[in-house]
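This report concerns only the one structure given below.
The values are calculated or read from the model by the stated rules, or taken from the named source; none is laboratory data. Computed from a prediction, not measured in an experiment: that's the story for all the values here. Glycine gets a Cβ as well: all are built from the backbone with ideal geometry, and neighbour counts include every protein chain shown.
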Ligand SMILES: [Zn+2]
């Protein structure tokens, strides 16, 4: 059986560090995780897109920890990582970047109107309660859990969760392992800088926002591939824009490309929109909305984009 065909599973990445991995990692099918300290308390990393998926995640948290979580961290505001925040045990504070809170509140539940097929359950919007701008350390018993802002990259508010003692990194959606990056709401110029910060930690294991856990030398290879992808997008954006092509036209011209084997190829269209915006001299983080670009991504895809959440 291929990885993509597997059911959701929990992988103990290193002692006390658990990844909740959801194949096939496509739209709205994300990973979460949790770290359990010596006292049995935990720090949770992200929730999921539907009430059913987050309930399964919370079951796993309870199975592997003996006390209530000390905090839930959001790596960014996207719905697949935050819609289940309200399902954390009572009294669990939600921590995220200050712009994560803003974006959760601004987006509301609009993703349920764009990707309509999942049974989301009775969602309640729950943004981070505690916010920071640059970095924050959670002291889980004796072990630090370091939160660092690395955006703008995938979004305005990307945070990585670094465990220095376990040399393990939760990368959020800076890393899709096996899928195309998605930079429509982030920054093409910022993304490589975020990858370099991740590289500087020299993680021995990396939990991506989507896809299987990456270990050892494969971490560097993944970061190399993602960097090369962004260079590719930047190059074809500059060429296409100079010729007067729209982002969709540029994407169609390069439909056959070295990254066409990665999942969610339609993200190329969104990424080109962001590249064009930055090439035009528009300010970083000029608002480009997924619902506005989604129809072009559907056109590139050649029909409705499926969602397995
Ligand atoms: Zn995301």
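Against the test of being on the phi < 0 side of the Ramachandran plot and in contact with a helix residue (DSSP H, G or I) (Cβ under 6 Å, 6 or more places away or on another chain), the options 152, 144, 192, 208 yield a single qualifying residue, 192. Residue selection: residue 73 satisfies the criterion of being within 16 Å of the ligand (Cβ to nearest atom) and touching a residue at least 60 places away in the same chain (Cβ under 8 Å).
Listed conditions (1) in contact (Cβ under 8 Å) with a residue 40 or more places away in the chain; (2) over 22 Å from residue 159 (Cβ atoms) are all met by residue 5, apart from (1).
If the condition is being surrounded by fewer than 15 Cβ atoms within 10 Å (Cβ to Cβ) and part of a loop (DSSP other than H, G, I, E, B), then the stretch 142-163 contributes only 142.
For the stretch 76-85, residues that are farther than 13 Å from residue 128 by Cβ, in contact with a helix residue (DSSP H, G or I) (Cβ under 7 Å, 6 or more places away or on another chain) and within 12 Å of the ligand (Cβ to nearest atom) total 1. If you check 54, 50 for being touching a helix residue (DSSP H, G or I) at 6+ places or on another chain (Cβ under 6 Å), within 16 Å of the ligand (Cβ to nearest atom), farther than 19 Å from residue 136 by Cα and modelled with pLDDT of 95 or more, only one passes: 54. Of all residues in the stretch 11-21, those being under 18 Å from the mean Cα position of the chain (by Cα) and without any contact (Cβ under 8 Å) to a residue 60 or more places away in the chain number 2. Restricting to the stretch 247-272, what's the tally of residues that are assigned to a loop (DSSP other than H, G, I, E, B) and more than 15 Å from residue 184 (Cβ to Cβ)? Number satisfying all stated conditions: 9.
So that you can scan it fast, the table gives a plain yes or no per residue for (1) in a strand (DSSP E or B); (2) more than 11 Å from the ligand (Cβ to nearest atom); (3) more than 17 Å from residue 227 (Cα to Cα):
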position: 165; (1), (2), (3): no, yes, yes
position: 173; (1), (2), (3): yes, no, no
position: 186; (1), (2), (3): no, no, no
position: 189; (1), (2), (3): no, yes, no
position: 192; (1), (2), (3): no, yes, no
position: 196; (1), (2), (3): no, yes, no
position: 199; (1), (2), (3): no, yes, no
position: 207; (1), (2), (3): yes, yes, yes
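Of all the criteria given as (1) outside any helix (DSSP H, G or I); (2) at pLDDT below 95, the one not satisfied by residue 113 is (1).
Just to check your reading of the model, which residue among 217, 225 is at pLDDT 95 or above and under 20 Å from the mean Cα position of the chain (by Cα)?
Selected residue: 225, the only one of 217, 225 that is at pLDDT 95 or above and under 20 Å from the mean Cα position of the chain (by Cα).
Every residue, every condition in (1) in a strand (DSSP E or B); (2) crowded, with 24+ Cβ neighbours inside 10 Å; (3) in contact (Cβ under 8 Å) with a residue 40 or more places away in the chain, yes or no:
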position: 39; (1), (2), (3): no, no, yes
position: 49; (1), (2), (3): no, yes, yes
position: 52; (1), (2), (3): no, no, yes
position: 60; (1), (2), (3): no, no, yes
position: 68; (1), (2), (3): no, no, no
position: 82; (1), (2), (3): no, yes, yes
position: 85; (1), (2), (3): no, yes, yes
position: 89; (1), (2), (3): no, no, no
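Considering the conditions (1) more than 16 Å from residue 209 (Cβ to Cβ); (2) out of contact with any strand residue (DSSP E or B) (no Cβ under 9 Å at 6 or more places or on another chain); (3) within 14 Å of the ligand (Cβ to nearest atom), residue 99 is excluded by exactly one of them, (2).
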